[in-house]
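The values are calculated or read from the model by the stated rules, or taken from the named source; none is laboratory data. Values in this document were obtained by computation on a predicted structure and should not be read as measured data. Using ideal geometry, Cβ is built from the backbone for each residue, glycine included, and neighbour counts are taken over all protein chains shown.
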Amino acid sequence: LGNDINEIAREFGLTTRRIRDLLAELNSSARTLALDDDDE
């Protein structure tokens, strides 16, 4: 992602650190949802 993250950060006024945190949150949320689907 590298440069893309920097462009996104400028676009939205976020720090690259914050974006990485958000991406990590999304990834774990997606994993949790996937696990929930498997249980059903």
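Select from region 8-28 the residues that are in a helix (DSSP H, G or I) and of a type in the set (A, V, I, L, M, F, W, C) and list them in ascending order. Once the filter is applied, which keeps residues that are in a helix (DSSP H, G or I) and of a type in the set (A, V, I, L, M, F, W, C), region 8-28 yields Ile8, Ala9, Phe12, Ile19, Leu22, Leu23, Ala24, Leu26. When region 1-21 is limited to residues that are among the hydrophobic types (A, V, I, L, M, F, W, C) and exposed (fewer than 12 other Cβ atoms within 10 Å of the Cβ), the one that is modelled with the highest pLDDT turns out to be Phe12.
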